[in-house]
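**Q** The structure follows.
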Ligand SMILES: NC(=O)c1ccc[n+]([C@@H]2O[C@H](COP(=O)([O-])OP(=O)(O)OC[C@H]3O[C@@H](n4cnc5c(N)ncnc54)[C@H](O)[C@@H]3O)[C@@H](O)[C@H]2O)c1
């Protein structure tokens, strides 16, 4: 592979999905060699085929051996990753008293365990290479309790604390970790409300920004956190939610 800048090698999880693929496009436009990874093989292949020089790797990030295979793939194809963006996640509305153990496992594992495993796997290589940056995508649901999302909120609160804990233990070794908390973003994951025009209108009327967020709103935040412009931000919680709950 030609033209690889060894200081700009990014792995983006959930990149078969809306936000992850948008982040990959943005980072590639800024000179990153990008590896897109997702559980959904067809989706991640399709998204990566739209980006020149990008590579796709299908993996279930809940499975440690698949995350180790991802690490090997990135190292072999591009070199040591300098940026890890965790955007993989699962959301569905649920009420605590009606949630099954299988649903509990899915919400916690897809949102938190996968992020734990990629961080665990990539941090040692980054440190050995002189350092790197981690940007985890949590949610405002991890900051504030709201209806019909208790375990998603718990998982995202875990992602926030995981990010801050990484900074405490590995910040001085060159790992700069920050977390983004999006509010409602217009992707298929937000179908639960965007499919109900009246409910969406009411939601947007309560937002100072007057609209729900876009994939670009999040990819611009990632771009900033990945750049030198944010070099003094460690363990930062960046809320990108149109002013949802000031
Ligand atoms: N859309 C929103 O309103 C919103 C708001 C706040 C936070 N977020 C977070 O942003 C991130 C991206 O969301 P999106 O809106 O692009 O959703 P999306 O469903 O389009 O993308 C999520 C992707 O994660 C992948 N994924 C799920 N489990 C996985 C696993 N075990 N291994 C590998 N990949 C897996 C899915 O296949 C999917 O492609 C998620 O973490 C989500 O929780 C989204």
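Read-outs throughout are calculated quantities, based only on the coordinates presented, and are distinct from any laboratory measurement. Remember, predicted model here, so these are calculated numbers, not experimental data. Cβ atoms come from the backbone with ideal geometry, glycine included; neighbour counts cover every protein chain shown.
The rows are residues; the columns are (1) without any contact (Cβ under 8 Å) to a residue 24 or more places away in the chain; (2) under 18 Å from residue 122 (Cβ atoms).
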position: 176; (1), (2): no, yes
position: 182; (1), (2): no, no
position: 186; (1), (2): no, no
position: 189; (1), (2): no, no
position: 196; (1), (2): yes, no
position: 205; (1), (2): yes, no
position: 223; (1), (2): no, no
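**Q** Which one is nearest to the chain's Cα centre (by Cα), of the residues in region 29-50 that are closer than 23 Å to residue 228 by Cβ and more than 15 Å from the ligand (Cβ to nearest atom)?
**A** 34
**Q** Out of (1) within 21 Å of residue 21 (Cα to Cα); (2) more than 12 Å from the ligand (Cβ to nearest atom), what's the single condition that is false for residue 127?
**A** (1)
**Q** Restricting attention to region 112-124, report how many residues are more than 15 Å from the ligand (Cβ to nearest atom) and surrounded by 19 or more Cβ atoms within 10 Å (Cβ to Cβ).
**A** Count: 1.
**Q** Can you pull out the residues in region 193-215 that are assigned to a loop (DSSP other than H, G, I, E, B) and surrounded by 11 or more Cβ atoms within 10 Å (Cβ to Cβ)?
**A** 196, 206, 207, 209, 211, 212, 214
**Q** Take the residues in region 5-28 that are away from the ligand (no atom under 13 Å from the Cβ) and touching a helix residue (DSSP H, G or I) at 6+ places or on another chain (Cβ under 9 Å), then tell me which one is nearest to residue 186 (Cα to Cα).
**A** The selected residue is 26.
**Q** Now, a different point. Can you tell which of 175, 166 is within 16 Å of residue 10 (Cα to Cα) and touching a helix residue (DSSP H, G or I) at 6+ places or on another chain (Cβ under 8 Å)?
**A** Checking each option against the conditions leaves just 175.
**Q** On to the next question. Check off (1) under 14 Å from residue 140 (Cβ atoms); (2) in contact with a strand residue (DSSP E or B) (Cβ under 9 Å, 6 or more places away or on another chain) for residue 230 and give me the number that stays unchecked.
**A** Result: residue 230 passes all but (1).
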